[in-house]
Amino acid sequence: MYELTGVTRRHTRGKDVVDALAGVDLTIADGDRLVVQGPTGGGKSTLLQMLGGLDRPTSGSVLLDGVDLAGLSEARLTGIRGEKIGFVFQSFNLIPTLTAQENVETALVPLGVKPRERRERAAEALASVGLGERLGHVPGELSGGQQQRVAIARALVKQPRVLLADEPTGNLDEATRDEIMDVLETRCEEHGLTFVMVTHDSHLARRAPRLVTLREGVLVPS
Amino acid sequence: MFFTYLRRELRRRRRAALVVASGLALGIALVIVVDAVSSGMGRAQARVLESLYGLGTDMTVTKAPEPSAEGEEDDRRPRFRFDAQGGEDGGEGEDGEKQSSDRVMVQGFQTLDAATVTEVGEADGVAAAAGGLSLEVVTVDGEFTPGRFQQPEGGGRPGGGAAGEVRGGGADFSVDGFSVHGTDVTRPALGPLTSSEITDGRGFEETETSAKVAVVDSAYAKEQELGTGDTVTVGGTGFEIVGLATASSGDAAADVYLPLAQAQALAGAKGEITTVYVQADDAQQLDAVRSAVLEAVPDATVTTSEDLADTVSGSLSTASGLAVTVGRWLSVVVLTAAFLVAGLLTSSAVSRRVREFGTLKALGWRSRRVTGQVVGEAVVTGLLGGALGIALGAAGAWAITAFGPSLSAQLGGAGGSGASGGPGGVMGAGPAGVMGGGMRQAASRSLDVALTAPVSLSVIALAVGLAVAGGLVAGAFGGWRASRLRPADALARVA
């Protein structure tokens, strides 16, 4: 469970000071499916970084299962990311030289999984998103939708507690968008994952059981 | 995963990797070539020095020069006396009769007591010592033609005295000579003969201390049409030629080698030697051995191979200097540049992969794993450069050996005075003071040595070390950048 209290994040660029988050209080229960909506520059991605332990707040606390991520060492934070949190990015962020199977395996490397088991679990994860026939393909040989499926398989293969998705359908056409959302929602439901998705797509927002809007760093009623 | 990722990444960036590897290869090849040429120079110098006093000799001990008082004639120097009316030493002779005289002289006219060998041999750090006596045999022969008294036509002067003048007459003498070395046959591993190879017959046997046998330099034997089994006459004594020796490089140290006792007897120098040839226990401790020898024999001159190396001049010396100075500095500059370029290119490659590394960190990869990946790629690139560099350097060294020039070395230009002794005595101290430079042995000697560029295992190891170092330097640049990367950048790039 997430508990965010008075979270602020101030970015300073020269003389310019930008408050990406300006006092966010938010609670996300285990198994929640939350969509964060808002205009570009409203602080959505920054909030996702706080939840994923990729960035630290300027002030406030981000508790995950009672542990304040802001106070952890970088090594511990990396460990938590490796074990508990899966990410899906808008641009897929696959390693271009690795095959689909090897890309999925990269999520198991930090957990010390043996190579053989890694290969088996990666193949299963890819099969579960409908890419069982594409194990040996590199990203350049896959469509955008297929690449995002690989990214979803990579996020889920380690069986995380939380899945964070940053505009996961931003680079996809409408048909593929719905297909990917179906995959995400099905997988989260099956595994009981806490799912937080950032999007400015109102169509996707309408599918969410819980929706919050972030505008100028502040949560406003939707 | 590490090797798969590494291999795929290097394949993707093969052009950049090739640029980095080529830069390192160039630097490493240069190091190999410079080192090989330096080694070749060293070998050439060693061969030149070996030709002076043989393999295995680390230093020589000779008598310190004793300058004669001004105007004082050195009675050790030979005198040739001829009589225009007769033979040498007043012998009777007809007009125009050929006269001949030969002398066996100690080269340099400075000798040591043979007991010095024992004293030197007992000094600290000396493994073995052997005495030698360098002689010069000079033959002068020719004829005097007396002038003729001629009177003008018409008789004598008024008053009855004989009027006229002496016309014509003169002398026609040739000077020839050869060098002889008295060798301690009981210690065949030391002395000038070790720089020659017995190419016909045999060498001395250890029991032939007083035998009338000789080993003759093959070049001299050819010139004099001598062969094994013939007799060579030295100072009026015949010696059976038991073997022919061919110098490994350059000129031989002597034309004729005799057992030491025979050489001493010929020169009237019983119990005397000109040189002690010394082999040290440790060739790296020559200074200490020199001090110990000088303590044992205070009035001696000790000359080490390093001293002799300083007397080498000519193109060998120039090339050696170039290899050591310009070559080394060039290698350092090229290597430094290659390292820097490799570092900058690796760092630049990391900059282009920010999202990739950020993603891996977001997936839970620790910084050291990401850094290790970058360093691994750089080290493999460095090793590739090392392999290329070794191949390039070995090819360059081979080309130098195959097509390289011959270098000339002038030896011991400063050591040519008749009294210098030591290796100088062996190589160049003829009785120049007596014969005015008319001898075969000049004060200095020129040798031609083929330049080789041997590539040693140690330089291959050095090349591998440099390749790894180059990779580590490049990896350090990139790794440092990768380690500082915030995982948030992965999302920031796509937000």
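Please treat every number below as a calculation from the coordinates, not as lab data. Model, not experiment: these values are computed from the prediction. Neighbour counts are summed over all protein chains in view; Cβ atoms, including those assigned to glycine, are modelled from backbone coordinates with ideal geometry.
Extension gain for A:Glu117 to A:Arg207 (0.36 nm times residue separation, less C-alpha to C-alpha distance): 28.8 nm. For the residues A:Arg76, A:Arg118, A:Arg154, a GNM of chain A with alpha-carbon springs under 10 Å puts the largest fluctuation on A:Arg76.
Once the other residues with Cβ under 12 Å from the Cβ of B:Gln264 are scored (Lys, Arg +1; Asp, Glu -1), what is the net sum?
Values: positive: B:Lys270; negative: B:Asp113, B:Asp184, B:Glu272.
Charge balance in the 12 Å sphere: -2.
Estimated from the Cβ-Cβ distance and a Förster radius of 25 angstrom, the FRET efficiency linking B:Ile460 and B:Leu18 is about 0.70. Taking a point 7 Å from the Cα of B:Asp281 along the Cα-to-Cβ direction, the residues of the range B:101-129 with backbone N closer than 12 Å to it are B:122-128. Note on the range B:116-136 and the range B:455-487: Cα centroid distance 52 Å, given to the nearest whole angstrom.
Computed over chain A, the per-residue total of -39500 (n - 2.57) for DSSP H runs of n ≥ 4 gives a 222 nm mean residue ellipticity of -10500 deg cm²/dmol, rounded to 500.
What is the calculated FRET efficiency for A:Thr58 to B:Leu344, with r their C-beta to C-beta distance and R₀ = 25 Å, to the nearest 0.05? Please report the intermediate quantities before stating the final value.
On the way: r = 35 Å, r/R0 = 1.39.
That pair, A:Thr58 with B:Leu344, gives E of 0.10.
Computed 3J(HN,Hα) for the range A:96-109, one whole-Hz value per residue from the Karplus formula 6.51 cos²θ - 1.76 cosθ + 1.60 where θ = phi - 60°, is x, 8, 9, 6, 4, 5, 5, 4, 5, 4, 4, 6, 8, 4, glycine and proline marked x.
Hey, how many Å between the Cα centroid of the range B:340-355 and the Cα centroid of the range A:183-210? Answer, in whole Å: 38. If you run the Gaussian network model on chain A, springs between alpha carbon atoms under 10 Å, then out of A:Ser91, A:Ser59, A:Ser143 the most flexible one is A:Ser143.
So, counting K/R as plus one and D/E as minus one, what does the shell of residues with Cβ under 15 Å around B:Ala397 add up to? Walk me through the numbers on the way to the answer.
Values: positive: B:Arg43; negative: B:Asp35.
Local net charge: 0.
Net charge around B:Val375, counting only other residues with Cβ within less than 11 Å of its Cβ (Lys, Arg = +1; Asp, Glu = -1)?
On the way: positive: B:Arg368, B:Arg369; negative: B:Glu377.
Residues near B:Val375 contribute +1 overall.
The stretch between A:Glu3 and A:Ser73, if pulled fully straight at 0.36 nm per residue, gains 23.3 nm over its current Cα-Cα span. Cβ-Cβ distance of B:Phe3 and A:His11, R₀ of 41 Å, FRET efficiency by 1/(1 + (r/R0)^6): the value works out to about 0.55. Sorting B:194-200, B:2-8 by their mean Cβ neighbour count within 10 Å, with the most densely packed peptide first, gives B:194-200, B:2-8.
Taking the number of Cβ atoms within 10 Å of each Cβ as an exposure proxy, the fewest-first ranking of B:Ile32, B:Ile241, B:Ile400, A:Ile85 is B:Ile400, B:Ile241, A:Ile85, B:Ile32. For B:Gly182, the amide hydrogen comes within under 5 Å of the amide hydrogens of B:Leu133, B:Ser134, B:Leu135, B:Leu258, counting only partners 5 or more places away or on other chains and with H modelled in the peptide plane. Residues of the range A:116-155 with amide nitrogen under 19 Å from the 7 Å Cα-to-Cβ point of B:Arg11? Within reach of a label on B:Arg11: A:119, A:134-142.
Of interest is the spacing of the C-alpha centroids, which for the range A:109-152 and the range B:193-260 amounts to 85 Å. Modelled this way, with points 7 Å down the Cα-to-C-beta line, the labels at B:Val175 and B:Ala395 are 5.7 nm from one another. Applying 0.36 nm per residue to the separation of B:Lys222 and B:Leu294 and subtracting their alpha-carbon distance, the gain on full extension is 21.8 nm.
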